[in-house]
Amino acid sequence: MTLNINLLTDQTIFLLTAAGWSPERTYDPTTTIIQPLTTIGWPIFPEAQRIFTALGMLNLNLQHLPPIPPDPRTTTPDPIALRDHLWYADIRIDFDPAEAFAIDDEDFIVYWSSHPLVQLHGGGICPIGSYHPWDTLLVCGDGLIVHGSPEFMNPAPGLVVLGSNIETALNQLAHQAVFFV
């Protein structure tokens, strides 16, 4: 129930280690994460459990990390995509679903659960944390990792795919983090 370290880039390992993670780390999410989420009405499935066990309660504040060493396996991003991300002043990733926006709102649960992308990827969705101060990180039933904000917070609501599993999503987030430190 840990991360597959062979799928993580050097940048990702560097960021996770700086936040207190190690390959041997395990976290018991039963009382702090799983019970509150199930009480609210969120489903917990095996991939969500794996993420909570490996990353639960970690906080990556990317503004306060030391410079990230370059990773030769990654490519230089599109300058337009880089420009679109530079306006964020407070980049953080919290693997505490309680930090995610409006997770206790029934309308929010219905909104994300009925999203067409979620229906294509296992039919279930569960918050795993937050990305930036206001986007929610979610895992779909088949392990797809997405982030998004509800319609009333974003004029163009939707889900943004970060990766087919938590490892590829973490690599994507670490790659983006290069430009904030």
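The values are calculated or read from the model by the stated rules, or taken from the named source; none is laboratory data. Everything numeric here is computed off the predicted structure, so don't read it as measured data. Here the Cβ is made from the backbone with ideal geometry for all residues, glycine too, and neighbour counts use every protein chain on show.
Does TRP21 satisfy being buried (at least 17 other Cβ atoms within 10 Å of the Cβ) and at pLDDT 85 or above? Taking the combined requirement at face value, the residue satisfies it.
Of everything in the range 53-77 that is touching a Leu at 6+ places or on another chain (Cβ under 9 Å) and modelled with pLDDT of 95 or more, the residue that is surrounded by the fewest Cβ atoms within 10 Å (Cβ to Cβ) is ALA54. Candidates are the residues of the range 111-146 that are of a type in the set (Phe, Trp, Tyr) and either under 10 Å from the mean Cα position of the chain (by Cα) or closer than 20 Å to THR38 by Cβ (or both); the one that is surrounded by the most Cβ atoms within 10 Å (Cβ to Cβ) is TYR131.
The C-beta contact set for the range 9-37 (first residue in contact (Cβ under 8 Å) with a residue 24 or more places away in the chain, second residue in a helix (DSSP H, G or I) and hydrophobic (A, V, I, L, M, F, W, C), distance under 6 angstrom, 6+ apart or interchain) comprises GLN11/ALA174; THR12/LEU170; THR12/ALA174; LEU15/ALA174; PRO29/PHE52; ILE33/PHE52.
For beta carbons closer than 6 Å, sequence separation of 6+ or different chains, a first residue in the range 43-58 that is under 15 Å from ALA169 (Cβ atoms) and a second that is of a type outside the set (Gly, Ala, Ser) and part of a helix (DSSP H, G or I), the qualifying pairs are ILE51/ILE166; PHE52/ILE33.
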